[in-house]
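Chemist: Can you keep this structure in mind? I'll have questions shortly.
The values are calculated or read from the model by the stated rules, or taken from the named source; none is laboratory data. These figures come from a predicted structure and were not determined experimentally. Neighbour counts are summed over all protein chains in view; Cβ atoms, including those assigned to glycine, are modelled from backbone coordinates with ideal geometry.
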Amino acid sequence: MTTPRDQRPQSGPYSGLTLNSAKRFLAQQFRAAGLDTPDLDARLLVMAACGLSHADLIAQGTEFITPPKFEALSGFAQRRLDGEPIDYILGYRDFYGRRFQITKDVLSPRPETEGLIDLALELYPADAPINILDLGTGSGAIILTLLAERALWRGVGSDISPAALEVAAQNADILEVAGRAAFAHGSWFEPVKGRYDMIMSNPPYIDSAHMAVLPREVAGFDPELALFGGEDGLSAYRMIAAQAQDHLKPKGWLLLEIGYDQKSAVLNLLKAEGFTGITCAKDLSGHDRVIRAQSPAM
Ligand code: GLN
């Protein structure tokens, strides 16, 4: 590609690429490497490296990419080609229509978890001023989404990882719900005081056998702490089932995300603890995904 001399930047090494051609070039590389969404990934990385919105990119696509931006883009592209998921490179993931900042210290929120949000919103009228608890809050995706959806709800997110709680607190600020969100550092219920109307968790639930065959995009980047649920994948559910009633109000709801093959095991744990009204909802792919159960009336 030749470029008229008077359009070239005055200083520094010259990439010779317009934004559009950089995007096309990257998409070709991604396609050749077998990535699932080469065009989308290329566009998002050009936007991120150049600090442009989608509309800016369309308007400015024929402008030349400056050397520092080209360098940033090359770094992003290499990370993507090395298998890093796009959301960790961008530093955010969209969940239930809102943008969550993420770092290597938190699980990148997954679309399956949006089903837990739908169920939680159905359980109480919008004008009920309830308090909720999110165990293993990570990025805060669950609790912060619920607080953003319901102006009268308040809540606590607990997590054993201080770095995760920093991410969650930052997301609370960005989503403007920090005044109704508190964060507690510790393992599961350990730092939690009081009783709640609803407790939610998307705990680590992958067992040893599945951990061994996780795709690299997951195993290499989402934190193991957020994924591994002990030898049989059920450690967190055992602990939550045993302790949840100490932290739920009478007839309070427990909502748990589960792995696709864990329905009967988790139902049995909850039944054994005396929970009632236990049901399981499927995700959009038809997999068993969210269990809800009510604590006894006292
Ligand atoms: N609660 C967070 C989420 O659902 C983190 C869950 C986890 O780390 N297992 O995205």
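Chemist: Which residue out of 182, 163, 169 is touching an Asp or Glu at 6+ places or on another chain (Cβ under 8 Å) and surrounded by fewer than 22 Cβ atoms within 10 Å (Cβ to Cβ)?
Modeler: 163
Chemist: Residues that are more than 19 Å from residue 289 (Cβ to Cβ), surrounded by 16 or more Cβ atoms within 10 Å (Cβ to Cβ) and in contact (Cβ under 8 Å) with a residue 24 or more places away in the chain: does segment 114-124 have at least one?
Modeler: Looking through segment 114-124, at least one residue is more than 19 Å from residue 289 (Cβ to Cβ), surrounded by 16 or more Cβ atoms within 10 Å (Cβ to Cβ) and in contact (Cβ under 8 Å) with a residue 24 or more places away in the chain.
Chemist: Does segment 249-260 contain at least one residue that is within 16 Å of the ligand (Cβ to nearest atom), surrounded by fewer than 15 Cβ atoms within 10 Å (Cβ to Cβ) and on the phi < 0 side of the Ramachandran plot?
Modeler: Yes.
Chemist: Considering 211, 200, which residue is within 15 Å of the ligand (Cβ to nearest atom), under 25 Å from residue 234 (Cβ atoms) and part of a helix (DSSP H, G or I)?
Modeler: Testing whether each residue is within 15 Å of the ligand (Cβ to nearest atom), under 25 Å from residue 234 (Cβ atoms) and part of a helix (DSSP H, G or I) leaves just 211.
Chemist: Follow-up question, since we're still on this one. Would you mind stating whether residue 230 is away from the ligand (no atom under 16 Å from the Cβ) and not charged (D, E, K, R)?
Modeler: Spelling it out, it is not the case that residue 230 is away from the ligand (no atom under 16 Å from the Cβ) and not charged (D, E, K, R).
Chemist: Looking at (1) within 16 Å of the ligand (Cβ to nearest atom); (2) of a type outside the set (A, V, I, L, M, F, W, C); (3) touching a Leu at 6+ places or on another chain (Cβ under 6 Å); (4) at pLDDT 95 or above, which is the one condition that is false for residue 295?
Modeler: (1)
Chemist: So which strands (runs of 3 or more DSSP E) are wholly in segment 74-190 and hold at least 3 residues that are of a type in the set (Gly, Ala, Ser)?
Modeler: 154-159, 181-185
Chemist: Turning to a different aspect of this structure: Which is modelled with pLDDT under 95, outside any strand (DSSP E or B) and in contact with a Leu (Cβ under 8 Å, 6 or more places away or on another chain), of 218, 266?
Modeler: 218
Chemist: Which residues, taken from segment 39-90, are among the aromatic types (Phe, Trp, Tyr) and touching a residue at least 40 places away in the same chain (Cβ under 8 Å)?
Modeler: If the condition is that a residue be among the aromatic types (Phe, Trp, Tyr) and touching a residue at least 40 places away in the same chain (Cβ under 8 Å), then 64, 70, 88 are the ones that fit.
Chemist: So which residues in segment 188-197 are away from the ligand (no atom under 13 Å from the Cβ) and under 22 Å from the mean Cα position of the chain (by Cα), if there are any at all?
Modeler: Listed by number, the list holds a single entry, 189.
Chemist: Here's a follow-up. Counting just the residues of segment 127-160 that are within 20 Å of residue 226 (Cα to Cα) and more than 9 Å from the ligand (Cβ to nearest atom), which one comes out surrounded by the fewest Cβ atoms within 10 Å (Cβ to Cβ)?
Modeler: 160
Chemist: Would you be able to say whether some residue in segment 234-250 is more than 23 Å from residue 132 (Cα to Cα) and acidic (Asp, Glu)?
Modeler: Taking every residue of segment 234-250 in turn, none turns out to be more than 23 Å from residue 132 (Cα to Cα) and acidic (Asp, Glu).
Chemist: Determine which single condition residue 53 fails, assuming it passes every other condition in (1) surrounded by 12 or more Cβ atoms within 10 Å (Cβ to Cβ); (2) at pLDDT 95 or above; (3) farther than 15 Å from residue 83 by Cα.
Modeler: Result: residue 53 fails condition (1) only.
Chemist: Quick one: count up the residues across segment 227-241 that are in contact with a helix residue (DSSP H, G or I) (Cβ under 8 Å, 6 or more places away or on another chain), under 20 Å from residue 109 (Cβ atoms) and of a type in the set (A, V, I, L, M).
Modeler: Total satisfying the criteria: 1.
Chemist: Any idea which of 76, 25 is farther than 22 Å from residue 220 by Cβ and either modelled with pLDDT of 95 or more or not charged (D, E, K, R) (or both)?
Modeler: Every option except 25 fails the conditions.
Chemist: Give me the pairs: first residue in segment 195-224 and β-branched (Val, Ile, Thr), second residue in a helix (DSSP H, G or I) and more than 10 Å from the ligand (Cβ to nearest atom), beta-carbon distance under 8 Å, and six or more apart or on different chains, which are they?
Modeler: Partner pairs satisfying both residue conditions: 199/240; 199/244.
Chemist: Could you please let me know if residue 290 is under 25 Å from residue 160 (Cα atoms), in a strand (DSSP E or B) and within 16 Å of the ligand (Cβ to nearest atom)?
Modeler: For residue 290, the condition - under 25 Å from residue 160 (Cα atoms), in a strand (DSSP E or B) and within 16 Å of the ligand (Cβ to nearest atom) - is met.
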